[in-house]
Amino acid sequence: MAGATIDETARLIRELADIEAIKQLKARYIRLVDGKKWDEWRALFTPDCRVETEGGVHEGPDDVVASVSRVLAKGTTMHRVTMPEITITGPDSATAIWGQQDIVEMEYKGQPHKFSGWGYYYEEYRRTPEGWRIKSTRLERLGKHFA
């Protein structure tokens, strides 16, 4: 950073602050979904969000929360995300790829269903007046181990 101008230094500081805010957003996302705190979890998405999982594609926070909360109503999850590759793509936009592992215990077609899985989240973020929010997330599973 030797020789950097004040404007360049300010831009770098803002970019680092944005990256940290996105990390905090993803940490809240994981904690709130595992804790089934659906009202708080809903607030992490943009109004036009898109969520793509093994359960299908859902658009808008109401659809996302309704679907995920229904699937996990009789279940328990523990997620871990690691190794974020966060790219600031514009003044109010960013993308990220996160390594992901989870342990899931749920009911599927009336039967207990337990597995651990791994893969990647591919995400887009938008800055809103309330801070960074998730615009889209897609879970790409690379594997599962059934218990």
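Contact map, region 74-93: first residue free of Cβ contacts under 8 Å to residues at least 12 places away in the same chain, second residue part of a strand (DSSP E or B), Cβ cut-off under 7 Å, separation 6 or more or different chains; pairs are 87/94; 87/95; 89/95.
Pull up region 118-146, narrow it to residues that are among the small types (Gly, Ala, Ser) and free of Cβ contacts under 8 Å to residues at least 40 places away in the same chain, then point me to the one that is surrounded by the fewest Cβ atoms within 10 Å (Cβ to Cβ).
Selected residue: 143.
If the condition is being under 30 Å from residue 74 (Cα atoms), basic (Lys, Arg) and outside any loop (DSSP other than H, G, I, E, B), then region 1-55 contributes 23, 26, 28, 31, 42, 50.
Every listed requirement among (1) at pLDDT 95 or above; (2) surrounded by fewer than 12 Cβ atoms within 10 Å (Cβ to Cβ) is met by residue 2 save one, (1). Among the residues of region 63-83, those identified as buried (at least 17 other Cβ atoms within 10 Å of the Cβ) and either in a loop (DSSP other than H, G, I, E, B) or touching a His at 6+ places or on another chain (Cβ under 7 Å) (or both) are 64, 72. Taking the conditions exactly as written (within 13 Å of residue 137 (Cβ to Cβ), modelled with pLDDT of 95 or more and not basic (Lys, Arg)), does residue 38 satisfy them or not? Taking the combined requirement at face value, the residue does not satisfy it. Taking region 84-117 as the range and being out of contact with any helix residue (DSSP H, G or I) (no Cβ under 8 Å at 6 or more places or on another chain) and crowded, with 18+ Cβ neighbours inside 10 Å as the test, the residues that pass are 100, 102, 104, 117. Cβ separations smaller than 7 Å between residues 6+ apart or across chains give the following pairs from region 59-73 residues that are of a type outside the set (Gly, Ala, Ser) to residues that are modelled with pLDDT under 95 and not in a helix (DSSP H, G or I): 71/55; 71/106; 72/106. Taking region 20-58 as the range and being of a type outside the set (S, T, N, Q), within 17 Å of residue 129 (Cα to Cα) and in contact (Cβ under 8 Å) with a residue 60 or more places away in the chain as the test, the residues that pass are 21, 22, 25, 43, 44, 45, 48, 49.
The values are calculated or read from the model by the stated rules, or taken from the named source; none is laboratory data. Small disclaimer: the values here were computed from a predicted structure and weren't measured. Positions of Cβ are backbone-derived with ideal geometry, glycine not excepted, and every protein chain shown enters the neighbour counts.
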